[in-house]
Amino acid sequence: MIIRRDDDDEIHAKLVARRGCMLITPMTLRIRRLGCSAAIVVGMALAVSLRAETGHDLWLRYVLAADSSQRESYRRAVTAIVVPQGSPTGDVIAAELVRGLRGLLGVDVPRAPRPRSPGAVIVGTPSTSPLVAALGWTEALEPLGVEGYVIRSATVGGLAATVIASTGESGALYGAFHFLRLIQTRQPLETLDIAERPKLERRLLNHWDNLDGTIERGYAGRSLWWPDRDDQRVHDYARASASVGINGAVINSVNASSRSLSTPFIKRAAGIAAVLRPYRIRVYLAANFAAPKVLGALTTDDPLDPAVARWWKGKADEIYRLIPDFGGFVVKANSEGQPGPQDYGRTHADGANALADAVAPHGGIVMWRAFVYDERVDPDRVKRAYAEFVPLDGRFRDNVFAQVKSGPLDFQPREPFHPLFGAMPKTPLMAELQITQEYMGQANHLVYLAPMWKEFLDADTYAKGPGSLVSKVIDGSLDGRALRPVDGQRRTGIAGVANTGRDVNWSGHDFAQANWYAFGRLAWDPGLSAGAIADEWIQMTWGYAPDVVATIRSIMLDSREAYVHYTMPLGLHHVIGGDHYAPMPENTDPRRADWSATYYHRADTSGIGYDRTRRGSGAVDQYWSPLREQWSDPATTPDALLLWFHRLPWDYRMKSGRTLWDELVASYSRGADEAKALETRWTTLSGKVDQARYQAVLAKLHRQREDAAAWRDKCLRYFQTFSGGPLPMK
Ligand code: GCV
């Protein structure tokens, strides 16, 4: 019998009184069997401390259904788990169901070879499970592919059952997590008829982990796997990632050390891959373009040199010998000091193709990043990637993705979508989102990023007329990218720069976990809404009381706009210091103009903002009509992007009737007030969520409120020296 952290003391007492006991700590979930009397004592002693949650369990807390009739109905619906023996993925499916159901239902649901009574949950594929094969569902399953699944209420051998079926074990795994999520979000299980398949093929986390264990732009402790790893933690990472359908992890930073491709590191990568494999997460590596010279002692890295091509081929063969399901390489080349093909007068396509040819025989891919901003290409940083990459459309091998950040600058709190989306119809574009909050308050500010990602995914590029959404570019449908006959999938993908580390709560801020969750859910289905994803996450992570859900939901959904108001009003971007945290509008970086706040805001006594119309840099022309026309005119540019595209005088009359200066004042002030309101709203949850996490979040919200006020004060004081307008504060 189980005692677990939950909100139902009465059930605890009954369980303890009835049978022998088992304690599960939230931290490790290690199970210790105890004699019953000892358990009662220990259980009572721990009861209080077990209530204090650490956040380690993420959205997989599996809290007991407190409503007794609901609990009984779940128990009737789930009496046995029937998962075929003998495959590592089958075993993790069974283990997760046992664990999840133990928490959610408060009983140990046995794993059985076949249903013996109503209520079996049967999981498998037609080839692993004779029960699934006998159902004859092939026609329904095949169009869903190996990662898709159905969850259906059915009759099997005359007994009521729930069947989770797929043509692939990946689909069975995702279906099992979906089934658990139904109970986690307190859905009925009686008449299920669910069919799902992911909209995107590659759903990757990019870990900017250095081999020494530090993480670039990581705010949650050290790397999960470098230089050593805690297997239990990596398993838990894999469980959480698989639960939202993530199927790949780039395990080292794009600012890659050549050493990551040396034999000892490939062996370590193989060890990580072995832990992730049952969860259907493939390992990918970031490659340094200079590796042939550094590791292979060649005299050149020229991608058209046959010796270099041979070196990459040999390296790929070595990797695949140790990691047969290796996903491929991501490469940051000729960007921020990294080596690349242009060092040899070659193009990005030449570079990408050399690596692509090496991994192609093994089914691998190359993700070639378009985060390039060579100063010689154009004076305006946001124009440079388009200028370099559009001419290369159609010149990449079939197994190359161009990996493109959501916006053309660098993960600012609000950017227009990157103009490459819709401009490279012959090249699969892998969108790169940033989960770690580099420019978004790091691990101190509560900013739920799904609304920002939705803004990006739902943006209309107009590349093929109205309705040419970024999400359709990414999923390949806009350009009619071919469906592979073998699995009906297109070559598509999305990557998120991860926010995980060894901090006990994984992400530094308890609410940053929501961004990991939301990234996975949107990668699975970009059509989901930010609110629906928040609702799922809140229930699984915090609780079910309607006022708790409503309050947290409102905090989450308001948080991104609040952050924009106090850091980036009216599209005024990169007014941040070199730490990418605090306001620094005066920053003029001696190393590069385009790392400076002053390069972007251009404030002086005549006005503020970056003119990207044809009178200025002309960046608007990288967008399709009618966007280029709309964004060329301040009157038809949304306020949210006004100073991104326009340089305007301080007395410019806004749509609101205020002057530009007064509008800036209003936005900074509003943002600071909204940050304060986030904290105030949170305080209404005192006593309604566990105290430890309540306090931890409260402390962070307090800091956020102070930081927001500091953004307002510092930026307005600075800009006021140019505008001469009135200040709201003393
Ligand atoms: C991994 C920004 C970040 C860098 C990051 C770079 C990139 O410049 O500040 O830390 O480097 O983007 O995406 O390559």
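Okay, here's what the table says:
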item: Cα coordinate range in the range 308-352, projected on the principal axes (Å, largest first); result: 33, 21, 16
item: Helix 68-77 vs. the chain, principal-axis angle (Cα, 0 to 90°, nearest 10); result: 80 degrees
item: Mean Cα-pair separation over length for the range 76-209, i.e. relative contact order, pairs under 8 Å, 6 or more apart, %; result: 24 percent
item: Share antiparallel - DSSP beta bridges, the range 203-332, percent rounded to 5; result: 10 percent
item: Relative contact order (percent, whole number), the range 617-690, Cα cutoff 8 Å, 6+ residue spacing; result: 13 percent
item: Filtered trypsin sites (Lys or Arg not before Pro), the range 159-216: DSSP coil and at most 16 other beta carbons within 10 Å; result: ARG186
item: Two-decimal Rg/Rh across the range 182-330, once Rg and the Kirkwood Rh are taken from alpha-carbon atoms; result: 1.07
item: Expected 222 nm ellipticity per residue - DSSP helices of 4 or more, -39500 (n - 2.57), all of the chain, to 500; result: -12000 deg cm²/dmol
item: Loop-resident sites, the range 181-246, for GluC sites (Glu not before Pro), counting at most 15 other Cβ within 10 Å (DSSP); result: GLU190, GLU216
item: Estimated dipole of the range 380-424 in Debye, rounded to 20 [Cβ of Lys and Arg +1, of Asp and Glu -1, Cα centre]; result: 60 debye
item: Value of Rg/Rh across the range 445-575 [Cα atoms, Kirkwood radius]; result: 1.03
item: Length-normalised contact order for the chain - Cα pairs under 8 Å, 6+ apart - percent; result: 10 percent
item: Cα long-axis angle, helix 263-276 against the chain (0 to 90 degrees, to the nearest 10); result: 50 degrees
item: Accessible area in square angstrom per residue, the range 389-465, 1.4 angstrom probe; result: 23 Å²
item: Amide H contacts under 5 Å for THR613, placed H, 5+ residues apart; result: GLY618
item: Integer Hz, Karplus 6.51/-1.76/1.60 couplings in order for the range 113-123, x for Gly and Pro; result: x, 7, x, 10, 8, x, x, 6, 9, 9, 10
item: Paired Rg and Dmax values of the range 306-427, which use every Cα atom, in angstrom; result: 15.1, 46
item: Dipole magnitude of the chain, debye to nearest 20 (Cβ charges: Lys/Arg +1, Asp/Glu -1, about Cα centre); result: 1340 debye
item: Reciprocal of mean inverse Cα separation for the range 285-339 (Kirkwood radius, Å); result: 11.9 Å
item: Rg/Rg_globular for the range 247-380, with Rg_globular taken as 2.2 N^0.38 Å and Rg from C-alpha atoms; result: 1.03
item: Debye log10 I(q)/I(0) at q = 0.05, 0.09, 0.10 Å⁻¹ for the chain, Cα point scatterers; result: -0.26, -0.85, -1.04
item: Of all accessible heavy-atom area on the chain, the percent that carbon and sulfur account for (1.4 Å); result: 54 percent
item: 3J(HN,Hα) from dihedral phi, the range 151-167, Karplus parametrisation 6.51/-1.76/1.60, rounded to Hz, x for glycine, proline; result: 10, 9, 7, 8, 10, 10, x, x, 10, 5, 8, 10, 10, 10, 10, 8, 7
item: Ordering of 698-711, 500-513 by packing [mean C-beta count within 10 Å, highest first]; result: 500-513, 698-711
item: Binned Cα-Cα distance frequencies in the range 528-667 - 5 Å width, integer %; result: 2, 9, 15, 16, 15, 14, 11, 8, 6, 3, 1, 0
item: Distance between the range 65-85 and the range 540-574 - C-alpha centres, whole angstrom; result: 35 Å
item: Convex hull of Cα atoms in the range 419-469, direction-averaged projection (nm²); result: 4.1 nm²
item: The range 553-657, accessible area per residue, ligands and nucleic acids excluded (1.4 Å, Å²); result: 38 Å²
item: For the range 573-724, size of Cβ-based charge dipole, Lys and Arg +1, Asp and Glu -1, in debye; result: 220 debye
item: Listed peptides 52-63, 621-632 by packing density, highest first (mean Cβ within 10 Å); result: 52-63, 621-632
item: Rounded if a/c under 1.5, otherwise prolate or oblate - the range 199-275, Cα gyration tensor axes; result: rounded
item: Distance in nm between pseudo-label sites at THR300 and LEU557 (7 Å out along the Cβ direction from Cα); result: 5.9 nm
item: For the range 114-163 versus the range 205-245, the gap between their alpha-carbon centres in whole angstrom; result: 34 Å
item: Equivalent ellipsoid, the range 616-670 (semi-axes from 5 times Cα gyration tensor eigenvalues, Å); result: 23, 10, 10
item: Flagged links, alpha-carbon separation over 21 Å, of LYS426/LYS464; LYS454/LYS655; LYS199/LYS472; LYS313/LYS426; LYS405/LYS454; result: LYS454/LYS655; LYS313/LYS426
item: Relative intensity, log₁₀ I(q)/I(0), of the range 45-153 from a Debye sum that treats every alpha carbon as a point, q = 0.11, 0.14, 0.17, 0.20 Å⁻¹; result: -0.45, -0.69, -0.93, -1.15
item: Binned Cα-Cα distance frequencies in the range 599-703 - 10 Å width, integer %; result: 13, 32, 20, 17, 15, 2
item: Label-point separation in nm, LEU182 to GLU375, each point 7 Å along Cα→Cβ; result: 5.9 nm
item: Estimated FRET transfer efficiency (ARG717, ASP393; beta-carbon r; R0 45 Å; 0.05); result: 0.45
item: Taking the convex hull of Cα positions in the range 136-202, its mean projected area over all directions (nm²); result: 4.9 nm²
item: Heavy-atom accessible area per residue - the range 303-347, 1.4 Å, Å²; result: 41 Å²
item: Length released on extending from ASP228 to SER68, taking residue separation times 0.36 nm less the Cα-Cα span; result: 53.1 nm
item: Amide H contacts of THR492 (H built 1.01 Å from N, under 5 Å, at least 5 apart or other chain); result: GLU201, ARG202
item: Cα Rg, Dmax (largest Cα-Cα span) when computed across the range 122-168, Å; result: 9.7, 29
item: At most 10 other Cβ within 10 Å, DSSP loop - trypsin sites (Lys or Arg not before Pro), the range 312-401; result: ARG376
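The values are calculated or read from the model by the stated rules, or taken from the named source; none is laboratory data. Just so it is clear, the structure is predicted and the values come from calculations on it, not from any experiment. Using ideal geometry, Cβ is built from the backbone for each residue, glycine included, and neighbour counts are taken over all protein chains shown. With ligands, DNA and RNA removed, areas are computed over all heavy atoms of the protein, side chains included. Shrake-Rupley method; radii C 1.70, N 1.55, O 1.52, S 1.80 Å.
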